[in-house]
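Would you mind keeping the following structure in view while I ask a few things?
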Amino acid sequence: MRGANQSSVSEFFLLGLSRQPQQQLLFVLFLSMYLATVLGNVLILLAISTDSRLHIPMYFFLSNLSFVDVCFSSTTVPKMLTNHILGSETISFSGCLTQMYFLFMFVDMDNFLLAEMAYDRFVAVCHPLHYTTKMTPQLCVLLVAGSWVIANLNVLLHTLLMARLSFCADNTIPHFFCDVLPVLKLSCSDTYINDIMILTEGALITITPFVCILISYICITCAVLRVPSTKGKWKAFSTCGSHLAVVSLHYGTIFAVFFNPSSSHSAETDTAATVMYTVVTPMLNPFIYSLRNKDLKGALRTLIGRKRFPT
């Protein structure tokens, strides 16, 4: 019976862009933001990999964040742009599950990497003399590898729970990608287990890194306030400014989407918030880090100069 119900809905309709009156303008806007995301993050990856001065833990985590952001945007935006060009609004059931899998795996990786970057700043500010002994290359690789394993296991659980559901009626998703909450609303099965897992295990995966970031910055603030000179305090805080801006943007949009009461949700507000965390945030991250970081700006100038005037 379940297989019959699932086979009755073999595809979903993604109406996030087609239902907007300014379709052509939005298409150009999304394409521009996606190209800016790829270009900005790839430049950061190249700058970090080619400049030996940036081969330190902070930039190791940043390069992983840039890679994840490129993959994150590539999970949703190209499919939406392709559908618009082809005049199609469909995505297969298996394609929808695959998109959800990778989308939320990269969301989890963003959460973990931001927490690891906060820990790196905590060690740098609070234990500067022990920084090289604490933040070893082996520890950095272990943190990132462990994050990939946990993220995949977490998303695999939610994907398997989603795959067991039946979809036998409406198959229209008012978004430009397969978001978990709108898809759950379309199911004609009991989604109690899915809802419970999202509110418990899923929330734990999201909130735990956020709590680690808060604790790190509380400790950083206490350490900085003990610095006697104003110049020293500003220098310590300036090393964390870019990271704080990215954390605020990332978690602000996630909490707006997933932790608001369901009664306050509407298709328009949900779409706007999801655009923020799937398209705008990955695009802004490289600009935030490069504009406030002298070492990274220097590496980018060297990289661009090398491409323009090859020896």
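Every read-out reported here was derived from the displayed coordinates using simple, explicitly stated rules and does not represent laboratory data. If you're wondering where the values come from, they're calculated on a predicted model, not measured in any experiment. With ideal geometry, Cβ positions are generated from the backbone for all residues, glycine too; neighbour counts draw on all protein chains shown.
Using a Förster distance of 45 angstrom, determine the FRET efficiency expected from the C-beta separation of S92 and T50, and round it to 0.05.
About 0.65, to the nearest 0.05.
Given springs between every Cα pair under 10 Å in a Gaussian network model of the chain, which of H55, H158, H250 has the largest fluctuation?
Maximum fluctuation in the GNM of the chain, among the listed residues, is at H55.
Also, quick follow-up: Please determine, in degrees from 0 to 90 and to the nearest 10, the orientation of helix 57-86 with respect to the longest principal axis defined by the Cα atoms of the chain, where the helix direction is its Cα long axis.
Roughly 30 degrees between the two axes.
Any idea what angle helix 203-225 forms with the longest principal axis of the chain, computed on alpha-carbon atoms, 0 to 90 degrees, nearest 10?
20 degrees
Identify, among H250, G87, L160, the residue whose Cα sits farthest towards the positive end of the charge dipole of the chain, taking +1 on the Cβ of Lys and Arg and -1 on the Cβ of Asp and Glu, with the dipole about the Cα centre.
Projecting each Cα onto the dipole axis, the largest value belongs to H250.
Now, a different point. So what's the angle, to the nearest 10 degrees on a 0 to 90 scale, between helix 23-50 and the longest Cα principal axis of the chain?
Once rounded, the angle reads 40 degrees.
Determine, from the Cβ-Cβ distance of S189 and K231 and an R0 of 45 Å, the FRET efficiency 1/(1 + (r/R0)^6), rounded to the nearest 0.05. Let's see the in-between values first.
Numbers: r = 61 Å, r/R0 = 1.37.
The value I calculate is 0.15.
Looking at the chain as a GNM with Cα springs under 10 Å, which of S73, S189, S63 has the largest mean-square fluctuation?
Top of the fluctuation ranking is S189.
May I pose another question? Show which aspartates and glutamates lie in cross-link reach of K185 when reach means a straight Cα distance below 17 angstrom and same-chain residues fewer than eight apart are skipped.
Within reach: E11, D170, D195, E268, D270.
On average over all directions, what projected area in square nanometres does the range 92-235 have, based on the convex hull of its Cα atoms? Show your work: numbers first, answer last.
On the way: hull surface 44.1 nm².
For the range 92-235, the mean projected area of the Cα convex hull comes to 11.0 nm².
If you filter the range 174-260 for trypsin sites (Lys or Arg not before Pro), then keep DSSP loop positions with at most 12 other Cβ within 10 Å, what is left?
Values: sites: K185, R226, K231, K233, K235; in loops: R226.
Passing sites in the range 174-260 are R226.
Then there's this: Can you work out the FRET efficiency for the pair T82 and L199, with r the C-beta to C-beta distance and R0 = 25 Å, to the nearest 0.05?
0.15
Using the Cα atoms of the chain, I'd like the radius of gyration and the largest Cα-Cα distance, Dmax, both in angstrom.
21.2, 72
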